[in-house]
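The values are calculated or read from the model by the stated rules, or taken from the named source; none is laboratory data. Worth saying up front: this structure is predicted, and the values here are computed from it rather than measured. All Cβ positions, glycine included, derive from the backbone under ideal geometry; neighbour counts span all protein chains shown.
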Amino acid sequence: MAGSQTASNFSAGKLRLIKDRAARFGVTLGGGMVLIALLLIFFYLLYVVLPIFRPASITPLESYALPSQGTTTVALGMEARAEVGYRLTAEGDIEFFNLRTLDQDRQAGQVLKSERVSAETVTAFARSHQGNGDYVYAVAGGRVLIMRPDYRITYPNDVRLVEPEIRYPYGQTPLQLDPEGRDIRKLAFERDGDTLMLAALLADDTLMVARLVGRQNMLTRAFQWSTQRGVVNWRNGAQSARIEQLLLTPNLRQLFVQSAGTQQRVHVIDTRDVQNPVLQQTIPFASQLGRISAMTLLAGHSSLMVGHQSGHISQWFEVSSDGHREYVNVRNFNAGTAVEQLIPEQYRRSFYALTAAGDVAVFHTTSSRHLFQGQPGGLQLSHAVVGPRANHMLAQQGEELHVLTLRNEHPEVSWHGLWGQIWYENYDEPSYTWQSTSGSDDFEPKFSLVPISFGTIKAAFYAMLIAVPIGLAAAVYTAYFMTPSLRKVVKPTIEIMEALPTVILGFLAGLWLAPLVESHLPGFITFLLLLPLTIILAAFLWHLLPENIRNYVTDARAAMLLIPVVIFVGWLSFSLSPLIELMFFGGDMRDYLTNTLGINFDQRNALVVGIAMGFAVIPTIFSIAEDAVFSVPKHLSNGSLALGATEWQTLTRVVLLTASPGIFSAVMMGLGRAVGETMIVLMATGNTPIMDWNIFEGMRTLSANIAVEMPESEVGSTHYRILFLAAFVLFIFTFAFNTVAEFVRQRLRDKYSSL
């Protein structure tokens, strides 16, 4: 009998040992898997983010001789997929050719079509912006011919075939620009629909501007033109100056005249009234910069880029000043040697500079980045164009053409662009701005992470401002003062609040709480001010009651008497709200805040977010802090009371100090929850990325920004990768908070563990 009992005990002990080992292995495996998951998240975020910081590169792809030798190139171009290119010459020829070898029947450099645009003598040449793709030749007699290289895409035998063609959108008969028939020496051209604007320097040095508005006959397809002309007085006292270049804006409102003489200048002409053009501004340039050698408009056509012989390149755009707008030098770049050509991209604020040394310099204005400098493949290029997708370049060196591959996928991103103040086009001053998309292709993306990081901190701050006092006070009272029977009801009730979906809280905050706060703002603020004062007053009155009355209610249950007090104060505050609004705020507190105090008020604001998100964070703080306070050994508090300390002294000098590591952990866990919260801030903030501590304005947080914009971002785009960078920043935020929390918790634990 004894032997069987011993064997049974041995078997039970062995089974327990196996269970202990299994539990230890499971806990270790689970912890290790959590760490591995965190590392995988970290490295995956890095994997997606790192490509945005890769430098630009230019590599040669194809080389072949010019289709026609001994002619002067005035323009190069290519279709979107860089399969077919074209070349326009000063003699009036256009040549289409294969850019790349696609198969044995389509070899690189193979001429597809060649045509003389005009048999007459060409006196000047100009092109519109890349989006239009129009070119204009000026011929003898003050006439102009507008043409457009185009492509017809077909799929014979399921093979994509690009067939070039030449279109004359306004007919092959040149338009008479100058009624007196004077030859055109320099020309600028832009088109807005069927409205044409041309600026021409005539043979007698007259600078003329003309606007031609066309109406097409529906039957004959011929255009009938109504023309307005004006003469520009641009010299402004500089009689010896001569015009070097003309440039029109695509909105047909301004003409830039580059003049050379004793001083380099750019004159800005207001052409809205073509018959009376007005000199709007004259931009002088320092003599040490050298002669202006290139001038162009960036994508979006708001910024003027000016290059000099010294290699200096400056960016100018309009800024409001003293009630009017004028061009201001915003940024400067340096290409090293004399700039011979400036080439803008079609959609982005990148531009390419060809220098006298044969270098290609690549810059991006918004990010202020110098992306590339050098001679790709040892080539010294003299004329170039960038394809519409900015992934290929067609360039000329001597009597050869070269096709180059561009890798410049994310020029908009730099550390300064992400975290510094950027002066964006048409803004009056540098700012922190997040605006990733727009309805226009001319939009300048704004990728500053500062306003959404600020919004994350602002939302967490106001949430913790509400959640920490309430959560900690409730935890201390529940753990230290409340009776066990009541604690068994209160603690699970508050903890189960944590299971409430945050989307419900966000829904209630946005659709119920926000309108309630707006319509009863005086009452709401009165409630927030009166509630603590009323609780203190109620406690003081309770203290004045006779002891025999107070003995009917124990201290552990006395706080329950505050429930009707809180309800009464809330009812009174909201009932008096219309009266308070009428007496102190002229009947409309929102109007008073906005127009009298200058405080902006949004319906979905930080106050609403603080209340809703505080309500979501309170259960986390309460649960951890309550466990920490309740776990303080009873012999510590009993010993303190036995030595004559009051309950309050015991709480503040013994219990809270011993529980401080757990209380601090509770606060940091709540902060982590507030920083990472998505649905509440998504539904109750208005999602405006502004930087203002105003409690009556909203914000946009990192998590909400990712949730809003990730579905609409193109995979692999700059926008897509910056959203992953925002997730990486959020990851670092929470990691930093948790690291600091653990460090402080260990210090507190070591300090007070000896109590």
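Residues are listed down the side, and each one gets a yes or a no for (1) at pLDDT below 85; (2) under 23 Å from Ser414 (Cβ atoms):
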residue	(1), (2)
Ala659	no, no
Thr678	no, no
Val681	no, no
Phe696	no, no
Val708	no, no
Gly716	no, yes
Val729	no, yes
Thr734	yes, no
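Name the one entry in Ala612, Ala616, Ala606 that is in the same structural domain as Phe481 (by TED's automatic domain parsing), closer than 23 Å to Ala479 by Cβ, crowded, with 17+ Cβ neighbours inside 10 Å and modelled with pLDDT of 85 or more. Lay out the reasoning, then the answer.
Working: Ala612 fails: closer than 23 Å to Ala479 by Cβ; Ala606 fails: closer than 23 Å to Ala479 by Cβ.
Just a single option satisfies the conditions, and that option is Ala616.
Checking each residue in the range 283-299 for being surrounded by 17 or more Cβ atoms within 10 Å (Cβ to Cβ) and either of a type in the set (Phe, Trp, Tyr) or part of a strand (DSSP E or B) (or both) picks out Ile283, Phe285, Ile292, Ser293, Ala294, Met295, Thr296, Leu297. At pLDDT below 90, in contact with a Phe, Trp or Tyr (Cβ under 8 Å, 6 or more places away or on another chain), assigned by TED's automatic domain parsing to the domain that holds Phe731 and not in a helix (DSSP H, G or I) - does that describe any residue in the range 423-430? No, the range 423-430 has no match at all.
I'd like to check something: does the range 554-569 contain any residue that is acidic (Asp, Glu), surrounded by 12 or more Cβ atoms within 10 Å (Cβ to Cβ) and at pLDDT below 85? No, that holds for no residue. Residues that are under 27 Å from Ser713 (Cβ atoms) and polar (S, T, N, Q) within the range 12-59 comprise just one, Ser57. Pick from the range 579-603 the residues that are polar (S, T, N, Q) and touching an Asp or Glu at 6+ places or on another chain (Cβ under 7 Å): which of them is surrounded by the most Cβ atoms within 10 Å (Cβ to Cβ)? Among residues in the range 579-603 that are polar (S, T, N, Q) and touching an Asp or Glu at 6+ places or on another chain (Cβ under 7 Å), the one surrounded by the most Cβ atoms within 10 Å (Cβ to Cβ) is Gln603. The residues of the range 598-620 that are assigned to a helix (DSSP H, G or I) and not β-branched (Val, Ile, Thr), listed by number, are Ala606, Leu607, Gly610, Ala612, Met613, Gly614, Phe615, Ala616, Pro619. For the residues Val489, Val476, the requirement of being of a type in the set (A, V, I, L, M) and either at positive phi or free of Cβ contacts under 8 Å to residues at least 60 places away in the same chain (or both) singles out Val489.
Among the residues of the range 116-126, are any under 24 Å from His301 (Cβ atoms) and of a type outside the set (Phe, Trp, Tyr)? First the steps, then the outcome.
Taking the range 116-126 and keeping what is under 24 Å from His301 (Cβ atoms), we get 124-126.
From what is left, the residues that are of a type outside the set (Phe, Trp, Tyr) are 124, 126.
Within the range 116-126 (the criterion being under 24 Å from His301 (Cβ atoms) and of a type outside the set (Phe, Trp, Tyr)), the answer is yes, since at least one residue qualifies.
Of everything listed in (1) over 38 Å from the mean Cα position of the chain (by Cα); (2) in contact (Cβ under 8 Å) with a residue 12 or more places away in the chain; (3) under 27 Å from Asp93 (Cβ atoms), the single unmet condition for Leu247 is (1). Put simply, of Leu418, Leu508, Leu486, Leu472 the only residue that is within 35 Å of the chain's Cα centre (by Cα), in a helix (DSSP H, G or I) and either assigned by TED's automatic domain parsing to the domain that holds Leu657 or loosely packed, with under 14 Cβ neighbours inside 10 Å (or both) is Leu508.
Out of the residues in the range 202-231 that are of a type in the set (Lys, Arg) and touching a residue at least 12 places away in the same chain (Cβ under 8 Å), state the one that is surrounded by the fewest Cβ atoms within 10 Å (Cβ to Cβ). Quick ask: steps written out before the conclusion?
Step one: of the range 202-231, the residues of a type in the set (Lys, Arg) are 211, 215, 221, 229.
Within this subset, residues satisfying the condition of being touching a residue at least 12 places away in the same chain (Cβ under 8 Å) are 211, 215, 229.
Working: Arg211: 20, Arg215: 11, Arg229: 16.
Top of the filtered list is Arg215.
Ala238 meets each of the listed conditions (1) at pLDDT below 90; (2) under 20 Å from Asp270 (Cα atoms); (3) under 42 Å from the mean Cα position of the chain (by Cα); (4) hydrophobic (A, V, I, L, M, F, W, C) apart from (3). Of all residues in the range 384-408, exactly one satisfies the criterion of being surrounded by 17 or more Cβ atoms within 10 Å (Cβ to Cβ) and more than 30 Å from Thr71 (Cβ to Cβ), namely Asn408.
In the range 433-451, the qualifying residues are those that are surrounded by 15 or more Cβ atoms within 10 Å (Cβ to Cβ) and under 9 Å from the mean Cα position of the chain (by Cα), and the one that is modelled with the lowest pLDDT is Ser436.
So which strands (runs of 3 or more DSSP E) stay within the range 356-398 end to end and still have 1 or more residues that are modelled with pLDDT of 90 or more and aromatic (Phe, Trp, Tyr)?
Details: elements: 360-364, 369-374, 383-386, 392-397.
Of the strands (runs of 3 or more DSSP E) lying wholly inside the range 356-398, those with at least 1 residues that are modelled with pLDDT of 90 or more and aromatic (Phe, Trp, Tyr) span 360-364, 369-374.
Say whether the condition of being buried (at least 23 other Cβ atoms within 10 Å of the Cβ), modelled with pLDDT of 90 or more and closer than 25 Å to Val413 by Cβ is met by at least one residue in the range 322-336.
At the first step, the residues of the range 322-336 found to be buried (at least 23 other Cβ atoms within 10 Å of the Cβ) are 335.
Imposing the further condition that a residue be modelled with pLDDT of 90 or more reduces the set to 335.
After this cut, where a residue has to be closer than 25 Å to Val413 by Cβ as well, the list is 335.
Looking through the range 322-336, at least one residue is buried (at least 23 other Cβ atoms within 10 Å of the Cβ), modelled with pLDDT of 90 or more and closer than 25 Å to Val413 by Cβ.
Restricting the range 680-696 to residues that are surrounded by fewer than 22 Cβ atoms within 10 Å (Cβ to Cβ) and aliphatic (A, V, I, L, M), the residue that is farthest from Val503 (Cα to Cα) is Met691. Note on the range 631-655: residues that are buried (at least 19 other Cβ atoms within 10 Å of the Cβ) and of a type outside the set (Ser, Thr, Tyr) amount to 4. Can you spot a residue in the range 251-262 that is more than 20 Å from Ala126 (Cα to Cα) and outside any strand (DSSP E or B)? Checked against the condition, which is being more than 20 Å from Ala126 (Cα to Cα) and outside any strand (DSSP E or B), the range 251-262 yields at least one hit.
I'd like to check something: does the range 167-183 contain any residue that is surrounded by 15 or more Cβ atoms within 10 Å (Cβ to Cβ) and either of a type in the set (Val, Ile, Thr) or not assigned by TED's automatic domain parsing to the domain that holds Thr220 (or both)? No; the residues of the range 167-183 include none that is surrounded by 15 or more Cβ atoms within 10 Å (Cβ to Cβ) and either of a type in the set (Val, Ile, Thr) or not assigned by TED's automatic domain parsing to the domain that holds Thr220 (or both).
Table: residues versus (1) surrounded by 15 or more Cβ atoms within 10 Å (Cβ to Cβ); (2) free of Cβ contacts under 8 Å to residues at least 24 places away in the same chain; (3) assigned by TED's automatic domain parsing to the domain that holds Arg721; (4) not β-branched (Val, Ile, Thr).
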position	(1), (2), (3), (4)
Ser63	yes, no, no, yes
Gln69	no, no, no, yes
Arg106	yes, yes, no, yes
Ala138	yes, no, no, yes
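Here the strands (runs of 3 or more DSSP E) wholly within the range 151-238 that include at least 1 residues being closer than 20 Å to Asn251 by Cβ are 184-192, 195-202, 207-216, 223-231. Would you confirm whether or not the range 737-752 contains a residue that is assigned by TED's automatic domain parsing to the domain that holds Thr594, assigned to a helix (DSSP H, G or I), at pLDDT 90 or above and surrounded by 14 or more Cβ atoms within 10 Å (Cβ to Cβ)? Scanning the range 737-752, I find no residue that is assigned by TED's automatic domain parsing to the domain that holds Thr594, assigned to a helix (DSSP H, G or I), at pLDDT 90 or above and surrounded by 14 or more Cβ atoms within 10 Å (Cβ to Cβ), so the answer is no. With respect to Asn276, is the statement that it is surrounded by fewer than 17 Cβ atoms within 10 Å (Cβ to Cβ), closer than 27 Å to Ser368 by Cβ and modelled with pLDDT of 90 or more true? Criteria not met by Asn276.
The residue list Ser118, Ser114, Ser128 contains one member that is free of Cβ contacts under 8 Å to residues at least 60 places away in the same chain and crowded, with 17+ Cβ neighbours inside 10 Å, which is Ser118. Taken over the range 641-657, the residue count meeting the criterion of being in contact with a Leu (Cβ under 9 Å, 6 or more places away or on another chain) and either at pLDDT below 85 or within 14 Å of Thr478 (Cα to Cα) (or both) is 2.
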